[in-house]
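The values are calculated or read from the model by the stated rules, or taken from the named source; none is laboratory data. Just so it is clear, the structure is predicted and the values come from calculations on it, not from any experiment. Methodologically, a virtual Cβ is constructed for each residue, glycine included, from the backbone with ideal geometry; neighbour enumeration extends over all protein chains shown. In case anyone asks, the SASA skips ligands and DNA or RNA and just uses the protein heavy atoms, side chains included. Shrake-Rupley method; radii C 1.70, N 1.55, O 1.52, S 1.80 Å.
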Amino acid sequence: MPETATALRELTFGEAIREALAEELRRDPRVVLLGEDVAEAGTAFKVLKGLVEEFGKDRVIDTPISEPGFTGLAVGAAMTGMRPVVDIMFGDFMALIMDQVANQAAKVHYMSGGKWKVPLVIRTTMGATRRSAAQHSQSLHAWPSHIPGLKVVVPSTPYDAKGLLKAAIRDDNPVVFFEDKISYAKVKGPVPAGDYTVPIGVADVKRLGRDITLVATSSMVQVALGAATMLEEVGISAEVVDPRTMWPLDETTLVESVRKTSRAMVVDEGYYRYGVTGEIASVIAENAFYDLDGPVRRLGARHVPVPFSPVLEDATVPTERDVFELARKMCNR
Amino acid sequence: MTTATRQAAAGLDVETLLRMYRQMAAIRLFEERVSDLYTRALMPGLAHLYIGEEAVAVGICEALRPDDYLTSTHRGHGHCLAKGAAPHLMFAELLGKEAGYCKGKGGSMHIADPATGNLGANAIVGGGAGIATGAAFSSKWLGTGRVAVCFFGEGALGQGVLYETMNLAQLWKLPVIYACENNLYNEYTHCSETTAGDMLARPAALGIAAERVDGQDVREVHAAASAIVERARRGEGPGFLLLDTYRYRGHHVGDVAREYYRPKQEEQRWMSERDPIALHGDWLVSEGLADRAALERIQSEVASEMDAAVEFAVKAPYPDPSTVDEDVYA
């Protein structure tokens, strides 16, 4: 929290996103929003509601259902003087825009020897348990994190969401910004009314503890905090560390926490295999091996397409109970 | 409008006509040296030569302002040179040298140069469509009056993102020109095997002003480009040029045995009857605007410039390996 956090209000995660966009639209005329149903509809999630009334249809621009087209257009616009913010309704549609993201936006600066810049933000969503089935439920933040040239942001609180989104819009690099759909309305927290940014590449310790480090991202931060409360009741003190950005990754904060607690679990809603948990676990193992009392453990989404039926879908995502039980086992209690 | 009146309207003075000859010769002689460097194993990677298609790049770029934008392709040397790139910095980039346009990080397929409006050559077929359309979006939004030209080959007609961005450009009346260079071959496959229907029907379906142009006639290309570029600059929307041309060489320098996909006689016919430099030179002489000696003088001047440019690049140092991590992030 900033020292001069005047006018702290409770906002939802979605309201914090909207406030960040409104403030940046007001601050910089080069900022434009592009996406499907972003104007009067305010997106399918109503997160942008009200922006077109203040900023008009020249700044909040409805596009055809044409993700590669308008994302590609935004890359070129970013190179030539604009600061576009693109809205990709569902993270699953990252698959549609991957050439524009991975082969164009990410590489323009390097391929041109540093001459062209791409100050572009791609906002998209992640998170299951909305009964939306296999093509509207994935958490694909590991994909862009694999590509050099991109920054990847995964905020978990309203405060972080506002500050990081403003930082992303002011960044001269392409930033992919993942918002958890469930958090939009469900997660509330204090947010300063004024201008502030949260630096990209700095983790945040969401809860201090002594016995085990729970590294958790996005939607899983709330899960880890819930599990930490349960663990406290059985005498285990859990520290919860939120990396906040996948790349750059604040390795120092992660490693320092694990050196203190000597146990580490990584919890992420992306697929368990070849993903975020594997990467973070390897960072911890490489840098804190001799401080560990046991192997780094991981919880991620089950390696299946996200199913529709609630009883099936709920079996694919880590829960507070899963984190609690694994942590107890790791602490031998 | 007839060809003659349109050429007159485009304001082709002798100076411009001779400069177009020189620019086409420069591209041809540049590419011949690329081929030479490549076959002598001095150039790493791949070399996709533009020889035979020079009138397209020159005719269009001569119709542009210095601050207009372009996106180019894997076969992009001609576009970059026609827009004003310096040959010695191009050669240096092709050889992976520090002095090159991209500090050796881009190579032949990624020449980029903000000073000449070059948004970058792109090695994904159709990869420039989004970027060029986005540059046109900025131009309209910022009111700069700049036009963006998206060069691509007829192979890109198979890529969906091209039509997605053409749709956006027409909806929002963006000043972008889609310049389709139909050299007949998608790599090693004739376009008749890959492209259904009439190529011009595609932009027409979106209501985009489109025209088929003889891509071997630099004056005709220039006239058509001038009209459609100025129309876009006036805010009347995007344009599409379908330019009939021919790739004299293989898909890349190593593509030598190519009779399985196109006959030698076809290549010979284009080279002997439809060569853009010879056609323009003959016309200049027949109109009394230049004599043979003057044209030869241009050729030898350009050859000397290119030899000096190659020498600069060959002698230039490679980048320090420690620079590999630089320029990943701005």
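Quick notes on this structure:
- Taken across both chains, chains A and B shield about 3200 Å² of accessible surface from a 1.4 Å probe.
- Helix A:251-261 axis, angle to chain A major axis (alpha carbon atoms, nearest 10°): 20
- Interface residues, the stretch B:155-171 - accessible area loss of 40 Å² or more versus chain alone, probe 1.4 Å: B:V161, B:E164, B:L168
- The H on the amide N of A:Y271, modeled in the peptide plane, is under 5 Å from the matching H of A:S139, A:A301, each at least 5 residues off or on a different chain.
- The protein assembly as shown, accessible surface, carbon-and-sulfur percent (1.4 angstrom probe): 53
- Leading residue at positive end of dipole, the stretch A:141-207 (Cβ point charges), from A:V154, A:P190, A:A168: A:P190
- Estimated FRET transfer efficiency (B:S322, B:R233; beta-carbon r; R0 35 Å; 0.05): 0.20
- Surrounding net charge for B:E15, when Lys and Arg each add one and Asp and Glu each subtract one, Cβ distance under 13 Å: 0
- Applying 1/(1 + (r/R0)^6) with R0 = 51 Å to the Cβ-Cβ distance of A:R130 and A:D291 gives a FRET efficiency near 0.85.
- Accessible surface calculations at 1.4 Å, restricted to protein heavy atoms, place the protein assembly as shown at 38 Å² per residue.
- Shielding value for B:138-144 is 5, the average number of Cβ atoms from other chains within 10 Å of each residue's Cβ.
- For a straight C-alpha distance cut-off of 16 angstrom, the lysines reachable from B:K105 (same-chain residues fewer than eight places away being disregarded) are A:K107, A:K115, A:K117, B:K97.
- Amide H contacts under 5 Å for A:E179: A:T124, A:T125, A:M126, restricted to partners 5 or more places along the chain or on a different chain, H placed in the peptide plane at 1.01 Å from N.
- Relative contact order (%) - criterion: Cα under 8 Å, at least six apart; region: the stretch A:204-330: 28
- For the stretch A:258-333, the list of chymotrypsin sites (Phe, Trp or Tyr not before Pro) that fall in a loop by DSSP and count at most 16 other C-beta atoms within 10 angstrom reads A:Y274, A:F308.
- Under 9 Å, Cβ to Cβ, from B:I27 - net charge with Lys/Arg +1 and Asp/Glu -1: -2
- For the stretch B:313-329, the Karplus equation 6.51 cos²θ - 1.76 cosθ + 1.60, evaluated at θ = phi - 60°, returns couplings of 5, 5, 7, 5, x, 6, x, 5, x, 5, 7, 4, 8, 7, 6, 5, 10 Hz by residue, with Gly and Pro reported as x.
- Look at the dipole of the protein assembly as shown built from charges on Cβ: of B:A227, B:C80, A:A78, the Cα furthest out on the positive end belongs to A:A78.
- ³J(HN,Hα), Karplus 6.51/-1.76/1.60, whole Hz, each residue of the stretch B:154-171, x for Gly, Pro: 5, x, 5, 5, x, 9, x, 5, 4, 6, 4, 6, 4, 4, 4, 4, 6, 4
- For B:I177, residues with placed amide H under 5 Å, excluding near neighbours: B:A148, B:V149, B:C150, B:G239
- Heavy-atom accessible area, 1.4 Å probe, ligands and nucleic acids excluded: residues of the stretch B:282-330 down by at least 40 Å² from chain alone: B:D327, B:V328, B:Y329, B:A330
- Highest-first arrangement of A:76-84, A:29-37, B:229-237, where packing means the average Cβ count within 10 Å: A:76-84, A:29-37, B:229-237
- A Förster distance of 41 Å, applied to the separation of the beta-carbon atoms of A:R333 and A:D195, puts the FRET efficiency at 0.35.
- GluC sites (Glu not before Pro) restricted to DSSP loop in the stretch A:38-126 with at most 16 other C-beta within 10 Å: A:E40
- 19 Å Cα-Cα reach of B:K140 towards lysines, excluding residues that sit fewer than 8 places from it in its own chain: A:K57, B:K173
- Along the stretch A:68-79 the Karplus relation, 6.51 cos²θ - 1.76 cosθ + 1.60 evaluated at θ = phi - 60°, assigns HN-Hα couplings of x, x, 6, 6, x, 4, 5, 4, x, 5, 5, 5 Hz to successive residues, with x for each Gly and Pro.
- Qualifying GluC sites (Glu not before Pro) in the stretch A:193-296, where qualification requires a DSSP coil assignment and no more than 14 other C-beta atoms within 10 Å, are lacking entirely.
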